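Visitor: Here you go, one structure.
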Amino acid sequence: MKERDFLAISDLTSKEIFALFKRAKELKKKFHAGQKLEQTLKGKNLALIFEKPSTRTRVSFEVGMEQLGGHAIFLSAGDSHLGRGEPIEDTARILSRYVDGIVIRTYSHEAVETLAQFATIPVINALTDLLHPCQALADLFTIQEQFGDFKKMPLVYVGDGNNVCHSWIMAAAHLGVPLQIACPKNYGPSSRLLERVRKTTGYVPTLLDDAVEAVRGAKIVYTDVWVSMGQEAELKKLRALEYFQVNGELLKHAAPNVKVMHCLPAHRGEEISMDVFEKHSALIFEQAENRLHVQKALMEKLLADEK
């Protein structure tokens, strides 16, 4: 992996993350003021390889590149030879001769690591089955923006131990975020990832299988869809998660002014009730918008010519 890749939260130092947030705040302010942004990525081309569908991720990267003067080229699974069996090593080497950076959204995290290994240009992980670091960056920025120091805002993740949960574990280990995780037995975070985090940082997250106990006193409760793309047939999993819905009854046990976050898309009536979603929708959609501004700051850092 190269210095200018972003595959996981731990690829950036805490100093770099706070610098990104400072820049994202500037970019967001100018965006809302209707000001044209500095064309820091003028002449830059970004390849977007998406083997998984997307709304927020694709649009935020494409619009972000355009706002900064660059150009994005979208490649779905059917648009490239990856979908026809070309080795990812070859795709990495040829794209390195055409474009200035690669964003990839796919299933296998190992594939992203291989892409980064063979590419000579920056690679950004826009989601794998293991991690979703761009989402975690935007979430951390949202908490800092809304509440100040995220180290003082205890967060409870409730639901499936998926890629978003994994990225929160890495953020907690890397940045000292107070985190508790509530998942049903057999649907918690990856044991391999937990062991990797423990070995590299010494951090061991608090894991509970009781949602009520987990949210006691929580200031922020975070949830995500229960079934990820490609897992829609897992009815057994849905039944196991039934008691982990973020609803009004569960939130009675949290802090009186608890805030709810969701990375979207939301399946109302599954991981979150309709009334709770609507009550906290302003924060949830602010969280979604922040993908655009944080990713612009990230692309500047990785793609802009160094001065």
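Visitor: Helix 163-175 sits at what angle to the longest principal axis of the chain, using alpha carbons and giving 0 to 90 degrees rounded to 10?
Guide: Compared with the principal axis, the helix lies near 90 degrees.
Visitor: In what sequence, highest mean first, do 256-263, 125-132 appear when ranked by Cβ atoms within 10 angstrom?
Guide: The packing order, highest mean first, is 125-132, 256-263.
Visitor: Still on this structure: Beta carbons within 10 angstrom, averaged per residue: use that to sort the peptides 52-65, 85-98, highest first.
Guide: Highest-to-lowest ranking by the protection proxy: 52-65, 85-98.
Visitor: If you work out Cα extents along the principal axes in Å from the coordinates, which of (1) 54, 45, 37; (2) 69, 42, 34; (3) 48, 46, 41 do you get?
Guide: Checked against the structure: label (1).
Visitor: Here's something else I'd like to know. Straight-line reach from Lys236: which lysines fall under 19 Å, measuring Cα to Cα and dropping same-chain residues less than 8 apart?
Guide: Here the lysines satisfying the reach criterion relative to Lys236 are Lys185.
Visitor: By a straight-distance test (C-alpha under 20 Å), which lysines pair with Lys259 as possible cross-link partners, with residues fewer than eight away in the same chain excluded?
Guide: Lys151, Lys152, Lys219, Lys279
Visitor: So how tilted is helix 133-147 from the main axis of the chain? Cα-based, degrees 0 to 90, rounded to 10.
Guide: The helix 133-147 is inclined about 60 degrees to the chain.
Visitor: Could you list which residues have their amide H under 5 Å from that of Lys259, counting only those 5 or more apart in sequence or on another chain, with H placed in the peptide plane?
Guide: Answer set, sorted by chain and number: Ile220, Val221.
Visitor: With contacts defined as alpha carbon pairs under 8 Å and 6 or more residues apart, what's the relative contact order of the chain in percent?
Guide: 20
Visitor: Please arrange His293, His174 by counting, for each residue, the other beta carbons lying within 10 Å of its beta carbon, fewest first.
Guide: With the fewest neighbours first, His293, His174 line up as His174, His293.
Visitor: Going by amide H atoms built from the backbone, whose H comes under 5 Å of the H on Phe6, apart from near neighbours?
Guide: Those lying under 5 Å, H to H, from Phe6 are Val123, Ile124, Asn125.
Visitor: What share of the DSSP beta bridges in the chain is antiparallel, in percent to the nearest 5?
Guide: 0
Visitor: Averaged over every viewing direction, what's the projected area of the C-alpha convex hull for region 135-287? Give it in nm², one decimal, please.
Guide: Orientation-averaged projected area of the Cα hull: 8.3 nm².
Visitor: Quick check: the angle from helix 56-67's long axis to the longest principal axis of the chain, C-alpha only, nearest 10 degrees?
Guide: 40
Visitor: Which far-off residues, 5 or more places away or on another chain, put their amide H under 5 Å from the one on Ser76, with H placed in the peptide plane?
Guide: The answer is Phe50.
Visitor: Kindly write out, for region 202-210 in residue order, the coupling ³J(HN,Hα) from the Karplus curve 6.51 cos²θ - 1.76 cosθ + 1.60 (θ = phi - 60°), rounded to whole Hz, with x marking Gly and Pro.
Guide: Each residue's phi maps through the Karplus curve to give x, 7, 10, x, 7, 10, 10, 10, 10 Hz.
Visitor: Whole-Hz Karplus ³J(HN,Hα) for region 184-199, in order, using 6.51 cos²θ - 1.76 cosθ + 1.60 and θ = phi - 60°, x for Gly and Pro?
Guide: x, 4, 6, 10, x, x, 4, 5, 5, 5, 4, 5, 4, 5, 4, 5
Laboratory data are not the source of any read-out in this text; all were calculated from the coordinates shown. Quantities reported herein were computed from a predicted structural model and do not represent experimental measurements. Note: ideal-geometry Cβ built from the backbone for every residue, glycine included; neighbour counts use all protein chains shown.
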